[in-house]
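A short write-up of the structure that comes next.
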Amino acid sequence: MASKGKEAASTGSNPRGIPYAPFVDKVEDYVASRADVEPTLRSFQEMIAKYQFMEQNLQRRVAGLKDKMPDIQKTLDTVRFLQLRKDEPEPIEANFELNETLYAKASIPPTEEVYIWLGANVMLSYPIEEAEALLSTKLSAAKQSLKNCEEDLDFLREQITTMEVAVARVYNWDVVQKRKEKEEEEKSSKDKSSKDKKSKETASTG
């Protein structure tokens with residue numbers, strides 16, 4: 001593979017470290033002869049597979065964030081509501097969900113603390129102010145993470161398209177080279193036949 005191609009294949013990355021795909025402007029920068037075509041195509045296909053793998057992982061992460069964020073927002077809203085009511089003497093009457101179709105009534109007295117699930121079967125008690133700060137931070141981080149993932153997905157789609165174009169250009173270059181070689185072989189064969197014919201005519205007249 002041509003050295004220019006190797007250099008172009010590793011130039012730069014996006015803010016999360018995903019490398020840019022090489023833009024194949026001149027195929028000759030990547031393949032010096034037809035012998036380079038197969039390893040170059042294999043290298044490009046491997047890059048496409050890596051981009052697609054990253055794309056699938058990011059899609060799963062986006063789906064997880066979109067599931068998680070409404071729960072964080074709902075919990076944060078509840079904590080803020082409890083904070084507003086903590087100085088009132090009357091308890092809060094509420095219905096809470098036991099499962100998708102079953103609710104129970106509850107009487108919630110004024111409180112200075114709440115319990116928050118942190119995952120992995122862990123629940124911790126927090127003062128309301130700390131709980132609000134924690135949930136606000138988690139929600140902001142989830143929103144930023146979602147934004148980054150969506151940007152990375154757009155970036156990956158662009159790189160996959162760039163690599164697919166690169167594969168097509170190298171393949172088309174190979175097709176053209178095959179055609180040229182065939183034409184040259186046919187021309188060489190005709191020239192040889194013509195020379196042989198002339199040699200025979202010369203020999204017969206002599």
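The values are calculated or read from the model by the stated rules, or taken from the named source; none is laboratory data. Just so you know, these numbers come straight off a predicted model, no measurement behind them. Glycine gets a Cβ as well: all are built from the backbone with ideal geometry, and neighbour counts include every protein chain shown.
The listed residues are LEU76, LEU58, and the only one of them that is closer than 20 Å to THR137 by Cα, surrounded by 10 or more Cβ atoms within 10 Å (Cβ to Cβ) and at pLDDT 90 or above turns out to be LEU76. Tallying residues that are surrounded by 11 or more Cβ atoms within 10 Å (Cβ to Cβ) and touching a strand residue (DSSP E or B) at 6+ places or on another chain (Cβ under 6 Å) within region 97-111 yields 3. Residue count for region 55-72 satisfying the condition of being of a type in the set (Lys, Arg) and more than 15 Å from the chain's Cα centre (by Cα): 2. For region 147-161, state whether one or more residues are surrounded by fewer than 12 Cβ atoms within 10 Å (Cβ to Cβ) and of a type in the set (Val, Ile, Thr). Within region 147-161 (the criterion being surrounded by fewer than 12 Cβ atoms within 10 Å (Cβ to Cβ) and of a type in the set (Val, Ile, Thr)), the answer is no, since none of the residues qualifies.
Test ASP67 against the criterion of being under 21 Å from LEU135 (Cβ atoms) and among the charged types (D, E, K, R), and give yes or no. So ASP67 fits the description; yes. No other residue among SER10, SER33, SER3 is within 14 Å of ASP174 (Cα to Cα), loosely packed, with under 12 Cβ neighbours inside 10 Å and at pLDDT below 90 apart from SER33.
Of the residues PHE44, PHE23, PHE53, PHE96, only one is closer than 30 Å to TYR126 by Cα and of a type in the set (Phe, Trp, Tyr); which?
None of the others qualify; the one that does is PHE96.
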